[in-house]
Structure formats: C-alpha cells, structure tokens
1. Please grab the % of Cα pairs in the stretch 272-395 that end up more than 18 Å from each other.
2. Over 20 Å intervals from 0, what percent of Cα-Cα pairs in the chain sits in each interval?
3. Using only alpha carbon pairs under 8 Å that are at least six residues apart, calculate the relative contact order of the chain and give it in whole percent.
4. Given the Cα-Cα distance of Leu177 and Ala33 and 0.36 nm per residue of separation, how much length would full extension add, in nm?
5. How long is the gain from Arg314 to Arg290 if the chain were fully straight, where each residue apart is worth 0.36 nm and the alpha carbon distance is subtracted?
6. Residue by residue through the stretch 239-246, what is 3J(HN,Hα) from phi via Karplus (6.51 cos²θ - 1.76 cosθ + 1.60, θ = phi - 60°)? Round to whole Hz and write x for glycine and proline.
7. Scan around Gly277 for amide H atoms under 5 Å from its own, H built in the peptide plane at 1.01 Å from N, and keep only partners 5 or more places away or cross-chain.
8. Among the chymotrypsin sites (Phe, Trp or Tyr not before Pro) in the stretch 128-220, which ones are in a DSSP loop with at most 15 other Cβ atoms within 10 Å of the Cβ? Mind listing them?
Amino acid sequence: MTSDVLQGLELPTVRTGFTRGVVARSLVRRIVAAMPVQLRQPDGTTFGAGSDGDPVLEVVRPGALWRRLEQHPKIGLGEAYMAGDWRAAHGTDLAEALLPFASRLGRLLPRPILRMRGLVDRALPTGTRNTLTGSRSNIEAHYDLSNDLFAAFLDPTMSYSSALFDPSRPRAGQSLLEAQHRKIDAILDRAGVGAGTRLLEIGSGWGELALRAAARGADVLTITLSSEQQALARDRIAAAGLSDRVEVRLQDYREVSRELDGPFEAVVSVEMIEAVGEEFWPTYFSAIDRLLAPGGVAVIQAILMEHDRLLATRTSYGWIQKYIFPGGLIPSLDAIREVSGRHTGLQVTQVHAFGADYAETLRRWRMRFLEEWPRLEGGAFDETFRRMWEFYLAYCEAGFASGYLDVAQVVLNRPSRDRLR
C-alpha cells in the first residue's frame, strides 16, 4: 500500500512543462489575497489577508506545490500535503487552516477560469465503478486496511459515522460513546425498531447498530462487503450473547432476497449511500423498496452536499476518491428525493440534519488518531500514510464546519395507498 501511495505522489511533468507552476502560484496568491490566512514562503515572505491569530500555512517546497496544483487542482493540494510540500505552521490547526477555503468552495476562482476546469479535471476511473465486483474492491481498499487502525481512533462502539450530540448540553461535556449511542438510538427509533422487528442493515460497520437493535428484541440481518468488519462484528455480537438474533453476512445489497431473507419491517443504512455511486442509486433505492414489508420504514443516514455542487463535481475525480474512498460520491437531498421518487414507491417524509456534529466527530477522531500514531506507525503505516489520514480527517472536518457538507437521517415511507395493496 505504501509503495502505491508513493507512486501516486510523483511530480507531474506533462501539463506543467512550460509554466512550471507559475499559473498556479499566481492563482493561489489571488485567492488568498482576500482570505483570513497567511501563506508563508521558505524565505519568510508572506501573502494573504490574514493577520495575527489567523491560520498560517507554510510552503516547504514551492516548486513542487505549484506544479501539483497546476496539474491536478482537485488532487494536488492533498498530494502536496502528503508529500510534505506544505504544512500548517506551528500553532495552526490544520482543519482551521482549511476552513476558509472550504467556506468558499465554488467561489475561489473567477467564473471564466472555472469554465476552463475541463482542461485539468480528470474523469472518474472506470475501474472504480460500483458493480458487484467493483464495490467489493472499493470497500476492501478502505475498510480492510486494519481493524487495529480504526480501533485506534474510534470510540468503543467502533462507529465510523457521525455522532449525534445532545443539543441541550455543551458538546465538550459529552463523550463520543454517548453521542454515538444517541445517533444509533435515533435511527432505530425513527425506523420503529423494537421487539420482534425484522431489520435489515445495509452496511454493518463493526456491528454496533445491530447489537443495539438485537438488545431491543429485533431480529437482524446485517450485510457488509468488508471481511475485516464481518469478523470483528461477529466476535462482538457473540461476546454480547446475541448471535441468535443477528446474522452478519458478507453480501452485496443487490443480492439480498426478499423471498429467502425478507421481507423486513425496517431497513437502515448508515453512511453507505456514499459508496453506491450515482449510476447505482436507482438500484440501491429499488432494493430497499423491494425488501421492505408493507408499512415498513427505511432510514438512511447520509452525508449530503448542495445539489448544484453535486451537479458541478459528480463526474470529476478528486483527492478523496483517489486516496480514501474509491468509487465514492456524496449525494444531495434533492437527488435522494428525485431518485427514490422516480424509481420506487418510497417518499422522503422526514429529514433530520446535524452537520455541525460531524465536524466535532471528525475533530475528535483526528486528535485521537494523532495521539495514537506512535503505536500505529510501522510497516504499511508510514509517515506518508499519517499525513494522508490527517489531511483526510481535517479536510472533511472543514467541509462540515463550513456548511459545504451536511449529514442527515432521512426517513422514507410508502404513501398510505401503497400500504393497502
């Protein structure tokens, strides 16, 4: 894995041969001229509108940074951080440094330049399409890295999705464990899960939702494409004495049979739609519709972006897709409504958004990851990997803190006339 990452960080030579990054340097200087940040160069000179107390970004290798940004604007910034071409200055938090940029995404460059994005945008790789085989490969690339890696920074529930904090109390006084339980319980409550409920979970994680549903008396089928997740989830469920109520299956959502496995009174799916791919959104919602019993309820927790940003970015290749979630795409709420309405008998009836809680969740994950890094370092987890994951967590945190991204629990029901069929 380390060698693959390093190969991806080789300096670009094709499109920057004539300019050698001069265009990117000029654009960056224009961008930060009106932003509350300082960009400090190796000779000590700075540019940007930031003043004392504002984030400071240190350029370590200017030539390499500008060339990466010029070659791949959506990928180069993260690759440059991974390679050590730039860093947050001492006393500057990385997520806080990225926040001013996240707040202005879509407005960083003048429209004439944005219209030329096709010259540098890369198309999504066909090899990461979320077919039956492609989905398994994409999931394994991230979730099968190591259970020890995820255990190092997640809370004891091993929940790798946004927590839900109690808005009536300061977040600082709430543990992540408590907030993750609150999130899971909110999903189960909205899905009406209780004693005797037949529940399907699409995307097992490491089994915490299935555990809490089984503790309510539900019978659970939970599916995953990660063998690492399946093994640990089974161990945790057995340790809780709930193996008779929970089956953890290595299976694609498209392969679950209504006749053999269902129907289900409730279907839940927590931050799994982001791994489905736009091409297969109709298939995903159709599967939920097909597997639900009459009167059943579906609840999905989904990361969301505004619809205009989805339309602008859905066909181009970004850093997150290259290094973290191959095949991934964040939907908009409009897209969820449109696809589910067009291809199923389901309708969105409730939306409960809590994006600020995801920013706090990611901040805690990042702090814990950095604290635990000395224990993880070695073998496949080298310094490039550390910078890659630090950037990933900070980049996402800034996205939620700025409001560019959101997360919501979305409830889908059938209209009452369908329940009479």
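Every number in this text was worked out from the coordinates using simple rules, so none of it is lab data. Quick caveat, the model's predicted, so the values are computed rather than measured. Positions of Cβ are backbone-derived with ideal geometry, glycine not excepted, and every protein chain shown enters the neighbour counts.
1. 63 percent
2. Once binned at 20 Å, the Cα pair distances of the chain give 25, 56, 18, 1.
3. This gives 17 percent for the chain.
4. Between Leu177 and Ala33, full extension yields an extra 47.7 nm.
5. On the way: separation 24, 0.36 × 24 = 8.64 nm, distance 2.71 nm.
This chain segment gains 5.9 nm when fully extended.
6. In residue order, the calculated couplings are 4, 7, x, 10, 4, 6, 10, 10 Hz.
7. Those qualifying (amide H under 5 Å, at least 5 residues apart or on another chain) are Leu329.
8. Nothing satisfies the criteria.
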